[in-house]
Ligand code: GLY
């Protein structure tokens, strides 16, 4: 069992180990007599959400009353309508402030369930149980929760830390190679931000499907995130480093109508930003070479199907942009990134410089 402790506005553990899912009730403090609402999507419900599954049984054995709210999942349902419906469900079933929500699923479920937990009665406890590798590596830790508005992604939300994160590597056997790659991209990102061991582990990996390799990668990536989030929980500065490759990635996802997966877009985004940074002299070419070597090791498709103009237009419609500048994360050295503001009118040229070497 791997245990990490995140010490922010709330102190909580991240536990990783085989069999954790079926023993969830045993890890919840004061489970006896509490109501627990599992929030999950239809796909994950089939796998782990049923009453006969060990997860549900372990909660009942611990003395909790178990409820479940299932939604269709997907970006289309990551909205205020789903939040309202969850809040009404909790209220109808007389949930109180001492009751608990479990977010059982990928990043969308974590964001939705976390925001419902942040809003219900002005905030109740919630536990993250990621069932995708991407969520295990990144979104289940750090307390970002929220939903999309018609004007853009993640525009409504709250910082609300979970009280516990449980990752059971047994879930990896249900994931496609592509779903694992999504999380591997985020782990490589963490490596470039602050841990050369991640890059060495990734580069020397013999089997990207291996559960022990993936678990170790997730633990190291979360450790990088833990250090940053403990320093800057509400992203007033340093936490933005976790967005390495994400300006381009969000633009790529948007241009593709969300057909290019987040982790794959992050891989492309990191290739673009390291290439452009090397061309502009903001980092040594060896940083870009190291980035390409580790991404190519996992055979990420890196050729971006969109032009610099298309990416800029998508990036600048992001309502979270401040004023006339855009902040990029630059991989200054392998294992060290910095934030750099550039005028928005320079973004197309930056993307162009990055795209050139990927053709
Ligand atoms: N995924 C970036 C963050 O949590 O800040």
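Annotations
- Unmet criterion (only one of (1) within 15 Å of the ligand (Cβ to nearest atom); (2) modelled with pLDDT under 95) for residue 254: (1)
- Boolean, residue 121 is more than 30 Å from residue 208 (Cα to Cα), out of contact with any helix residue (DSSP H, G or I) (no Cβ under 7 Å at 6 or more places or on another chain) and either modelled with pLDDT under 95 or not in a helix (DSSP H, G or I) (or both): no
- Of all residues in the stretch 210-234, exactly one satisfies the criterion of being without any contact (Cβ under 8 Å) to a residue 24 or more places away in the chain and within 11 Å of the ligand (Cβ to nearest atom), namely 232.
- Unique match (being modelled with pLDDT under 95 and on the phi < 0 side of the Ramachandran plot) among 309, 223, 303, 230: 303
Residue by residue, here is whether (1) in a helix (DSSP H, G or I); (2) away from the ligand (no atom under 16 Å from the Cβ); (3) under 16 Å from the mean Cα position of the chain (by Cα); (4) surrounded by fewer than 23 Cβ atoms within 10 Å (Cβ to Cβ) holds:
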site: 236; (1), (2), (3), (4): no, no, no, yes
site: 239; (1), (2), (3), (4): yes, no, yes, yes
site: 266; (1), (2), (3), (4): yes, no, yes, no
site: 271; (1), (2), (3), (4): yes, yes, no, no
site: 274; (1), (2), (3), (4): yes, yes, no, no
site: 278; (1), (2), (3), (4): yes, yes, no, yes
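- Single unsatisfied condition, residue 329 versus (1) in a helix (DSSP H, G or I); (2) in contact with a helix residue (DSSP H, G or I) (Cβ under 7 Å, 6 or more places away or on another chain); (3) farther than 18 Å from residue 358 by Cα: (1)
- From 32, 75, residue being over 30 Å from residue 254 (Cβ atoms) and loosely packed, with under 13 Cβ neighbours inside 10 Å: 32
- Taken over the stretch 103-124, residues that are touching a strand residue (DSSP E or B) at 6+ places or on another chain (Cβ under 6 Å), more than 15 Å from residue 42 (Cα to Cα) and crowded, with 22+ Cβ neighbours inside 10 Å amount to 4.
- Condition broken by residue 139, with the remaining ones in (1) touching a residue at least 60 places away in the same chain (Cβ under 8 Å); (2) within 11 Å of the ligand (Cβ to nearest atom) satisfied: (1)
- Residue check for residue 186: surrounded by 14 or more Cβ atoms within 10 Å (Cβ to Cβ), part of a loop (DSSP other than H, G, I, E, B), within 11 Å of the ligand (Cβ to nearest atom) and in contact (Cβ under 8 Å) with a residue 60 or more places away in the chain: no
The values are calculated or read from the model by the stated rules, or taken from the named source; none is laboratory data. Fair warning: this is a prediction, and the values are worked out from it, not measured in the lab. Positions of Cβ are generated from backbone atoms using ideal geometry, with glycine treated the same way; all protein chains shown enter the neighbour counts.
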